[in-house]
Amino acid sequence: MSIFYILYFIFSPLIFIILVTCSFFNKKIYEHLINQRKTFKEALKKNLKDPIVIHAASAGEFEQIKPLLKNKNLKNPVIQTFFSPTIYNKEKESKLFDICCYHPFDFPWSAYIFFKKLAPKKYIINRHDIWPHYIIFAKLFNIEVIYINANLKSDSMRLKFPFKSFNKWLFKKIDLIIVPSFKIEERFIKHFEIENILTLQDTRFIQIQNRINKDKKIQFIDQFPYEETIILGSIDSDDWNIIYKGLKETRKLNSHLIIVPHEIDDNFINKIKQDIKELNISVESFTDMNKNSYPSCIIYNKVGDLLDIYKYGRLAYIGCGFSDGVHNVLEPALQGCYVAYGPNISLLDEAIKLDDSSLGELIQNSSDMIDFLQWKPDLDFLNKNRNDVLDLFKIKNDDYQKIKDIIYEN
């Protein structure tokens, strides 16, 4: 038994009190807490036999899960759990699963009740959401734990003292770990001595291609001139500081902007609007637009359409690379955009591959941003770049089928 887990267990009541206190100041935590029990009871009413619990914390992680939910077998009903209220509210009526609920916070009593009452056959976790109590209690109830699309970046806190020994102990409790690259596999083996590990392609690749093939149209956006449009996707305040400095130098260029904030936060959106107006650029929020709207800059204040928006641009800057870590660079690259991103790319294997292959642009400062914003790539360059990206991330259908077989096998 790990001493860190014992301490984590002992201090769980105190952590719970802190969480409840934080909920009064955080809308998402509050919404999760007040609805957690209600949605769990609804899942119990289904009285599903030997269900498979599949967890996706956020919208991005659910996109990875979607291909695995399509054409699932009929022997094992699926309970889909979410952590973020945003994705829960958006997908709660989906037909991809049998029922969904909020994944309870990581407390020993929550994990015990969750597995005792649902009695799932398997517990599938995805990408980053690792809850120690849930892994330990799943094993106490003899429930198989499978970790798919697993990530372990080279500078992860999991690899540093004093957390490394605890994570080594915890990951060895997982029955099977499926990673998307041999680099990540090597880290798991080297640092945690993991033996039960497979390397299979990230399931998000096939979901991205599925959505691109649907070619969803975004009203009002398609009036923008494709050859002059720059997409700024998933940006936060750290990105905006760099972007704004770049825009001040390039505002006279004949370019259109579509800005998609990482979080739909009114204060941040108003800040962007104010800055854009100071540059004498017309700007409008997407939800305020109509057929007579012709702004030079659109702030897209809706969730779930970013992948489809990328097809309307030639250049795309992907956000959060100056803070927590760059977001999905593959979506715009496969849509035909030439992609740029901030320096923090170690969390995302696809960003590292793009950068190593010189298929994207690393932005270190406002000078780099200025160069990127005023660049006008021609169609021949963009087509070649997209074809190279397609070759680099070629879909491996056999890998996808193997993951489905592992999840749904009897």
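The values are calculated or read from the model by the stated rules, or taken from the named source; none is laboratory data. Since we're looking at a predicted model, the values are computed, not measured. Neighbour counts run over all protein chains shown; Cβ positions are idealised from the backbone, glycine included. Remember, those area values only see protein heavy atoms, side chains included, never the ligands or the DNA or RNA. Shrake-Rupley method; radii C 1.70, N 1.55, O 1.52, S 1.80 Å.
Brief remarks on what is shown
- Any hit, segment 60-67, residues being open to solvent by 50 Å² or more (accessible area, probe 1.4 Å), out of contact with any Gly (no Cβ under 6 Å at 6 or more places or on another chain) and basic (K, R): no
- Selection within segment 288-319 - open to solvent by 10 Å² or more (accessible area, probe 1.4 Å) and touching a His at 6+ places or on another chain (Cβ under 7 Å): S296
- Every residue from segment 371-388 that is open to solvent by less than 40 Å² (accessible area, probe 1.4 Å) and more than 26 Å from the chain's Cα centre (by Cα): P377
- The single condition among (1) closer than 30 Å to K38 by Cα; (2) surrounded by 17 or more Cβ atoms within 10 Å (Cβ to Cβ) that A119 does not meet is (2).
- Residues that are in contact with a strand residue (DSSP E or B) (Cβ under 6 Å, 6 or more places away or on another chain) and open to solvent by less than 20 Å² (accessible area, probe 1.4 Å), drawn from segment 198-209: L200
- Candidate set from segment 297-319 (those that are in a loop (DSSP other than H, G, I, E, B) and over 14 Å from the mean Cα position of the chain (by Cα)); member that is nearest to I87 (Cα to Cα): K302
- Selection status of I79, within 17 Å of D129 (Cβ to Cβ) and touching an Asp or Glu at 6+ places or on another chain (Cβ under 7 Å): yes
- Within segment 126-143, residues that are crowded, with 21+ Cβ neighbours inside 10 Å reach partners that are β-branched (V, I, T) and modelled with pLDDT under 95 with beta carbons closer than 7 Å, at six or more positions or on different chains, in the pairs N126/I65.
- Condition met for L198 (closer than 30 Å to K70 by Cα and more than 21 Å from the chain's Cα centre (by Cα)): yes
- Annotation note: Cβ proximity below 7 Å between a residue of segment 4-19 that is without any contact (Cβ under 8 Å) to a residue 12 or more places away in the chain and a residue that is not small (G, A, S) (sequence gap 6+ or interchain) occurs for no pair.
- Residue list for segment 78-106, restricted to those being surrounded by 18 or more Cβ atoms within 10 Å (Cβ to Cβ) and either of a type in the set (S, T, N, Q) or out of contact with any helix residue (DSSP H, G or I) (no Cβ under 9 Å at 6 or more places or on another chain) (or both): Q80, T81, S84
- The set of residues from segment 320-367 being open to solvent by 40 Å² or more (accessible area, probe 1.4 Å), part of a loop (DSSP other than H, G, I, E, B) and either under 22 Å from Q209 (Cβ atoms) or among the hydrophobic types (A, V, I, L, M, F, W, C) (or both) comprises F322, H327, L347, S357.
- Restricting attention to segment 22-33, the residues that are surrounded by fewer than 11 Cβ atoms within 10 Å (Cβ to Cβ) and in a helix (DSSP H, G or I) add up to 1.
- Some residue of segment 263-279 being touching a residue at least 60 places away in the same chain (Cβ under 8 Å), open to solvent by less than 20 Å² (accessible area, probe 1.4 Å) and within 25 Å of the chain's Cα centre (by Cα): no
- Neighbours by Cβ (under 9 Å, 6+ apart or cross-chain): first from segment 44-70, in contact (Cβ under 8 Å) with a residue 60 or more places away in the chain and among the basic types (K, R); second open to solvent by 30 Å² or more (accessible area, probe 1.4 Å) and assigned to a loop (DSSP other than H, G, I, E, B): K66/L96
- Out of Y317, Y294, Y338, sole residue that is more than 30 Å from T199 (Cβ to Cβ), touching a strand residue (DSSP E or B) at 6+ places or on another chain (Cβ under 6 Å) and touching a residue at least 40 places away in the same chain (Cβ under 8 Å): Y317
- Where I259 falls short, out of the listed (1) open to solvent by less than 10 Å² (accessible area, probe 1.4 Å); (2) in a helix (DSSP H, G or I); (3) within 30 Å of S84 (Cα to Cα); (4) of a type in the set (A, V, I, L, M): (2)
- Test: K41 is surrounded by fewer than 17 Cβ atoms within 10 Å (Cβ to Cβ), among the charged types (D, E, K, R) and more than 18 Å from R204 (Cβ to Cβ): yes
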